[in-house]
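Report on the structure given below.
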Amino acid sequence: MADDARSGILGTIRRAVEGQRDEAAARAAVADRLARHARNVIPLRAQLPPAQQVELFQRMAQAVGATVELVTDPARVPHMAADYLSNHNLPARVRVAPDPLLQSLPWDRRPMLEVAFGRATADDQTSLTTAVAGVAETGTLMLASGPDQATTLAFLPTNHVVLLPLSRLVGTYEEGWDMLRARGRGQPRTVNFVTGPSRTADIEQTPQVHAHGPGRLHILLLADM
């Protein structure tokens, strides 16, 4: 078995050096693999009915320090965002991603909340974005960059609020990638997976939050309308 593997490797190198590799066939094989998006081993933990996926997502997200709330009416989102800021003694200001879903919310119903759309700056303490998908198996958010979702919104502010429609909640990472491709907007420049607030213990094994991103992560699960 070892000799066969060694012979195969050496044969591949030899053909490449001698210029005998069929480049057209090699490129076709790569293109076919990319087009099929073949699955590898998928854990059973997340292969659940939708209701149980929601429960698993909540449990896994909370286990790593995120907070989760269920929203049954999108009109409640501005109020819930304002209440979240008040509960944590934060300024009543939020930088919001110019996502069509977020722009359609009735922000004027909470006039004391200062809302600005666009990319985050170093002065912003709280951001509000959407996510491409929520992955139940680890309680992870899948974020993709684009004109309506600057990457700075997920990393610069200390507090990150994410509105996640339940229709975007999937069981596994593979399904998350499927959902990203199904948007039909091409491959984004950046895809980030966020599991809980940012933290590290790299320095003297002392836990630190807000190390590489927000120190608080609050997820609003929006029930399907």
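Laboratory data are not the source of any read-out in this text; all were calculated from the coordinates shown. Remember, predicted model here, so these are calculated numbers, not experimental data. Backbone-built Cβ (ideal geometry, glycine too); neighbour counts: all protein chains shown.
General remarks:
- Crossing angle, helix 50-63 versus the chain [Cα axis fit, 0-90 degrees, rounded to tens]: 80 degrees
- Close amide H pairs (under 5 Å, H built 1.01 Å from N) link LEU222 with VAL71, LEU164, LEU166, residues at least 5 positions away or on another chain.
- Over all pairs of different C-alpha atoms in the stretch 34-116, the reciprocal of the mean inverse distance, the Kirkwood hydrodynamic radius, equals 15.9 Å.
- Sorted peptide list for 121-127, 51-57, 40-46, criterion being average Cβ within 10 angstrom, highest first: 51-57, 121-127, 40-46
- Protection proxy ranking, highest mean first, for peptides 87-97, 167-177: 167-177, 87-97, where packing is the per-residue count of other beta-carbon atoms within 10 Å, averaged.
- When +1 charges are put on Lys and Arg Cβ atoms and -1 charges on Asp and Glu Cβ atoms, the dipole computed for the chain relative to its Cα centre reaches about 320 debye.
- Theoretical ellipticity at 222 nm over the chain - DSSP helices of four or more residues, -39500 (n - 2.57) apiece, nearest 500: -9500 deg cm²/dmol
- Between helix 2-17 and the chain: long-axis angle, C-alpha atoms, 0 to 90°, nearest 10: 90 degrees
- Full-extension gain in nm, ASP4 to ALA31, via 0.36 nm per residue minus C-alpha separation: 7.0 nm
- Pairwise FRET efficiency - ALA63 versus ARG39, Cβ, R0 = 25 Å, nearest 0.05: 0.45
- The C-alpha atoms of the chain define a longest principal axis, and helix 23-36 lies at about 40 degrees to it.
- The computed Cα extents along the principal axes in Å for the structure shown corresponds, within (1) 64, 45, 40; (2) 72, 46, 33; (3) 70, 51, 33, to (2).
- Sequence-separation-based contact order of the stretch 46-222, relative, with Cα cut under 8 Å and 6+ spacing, percent: 28 percent
- In nm, spacing of pseudo-spin labels at VAL191 and ARG14 (7 Å Cα→C-beta vector): 3.9 nm
- Inter-centroid distance (Cα atoms) of the stretch 170-201 relative to the stretch 84-128, Å: 23 Å
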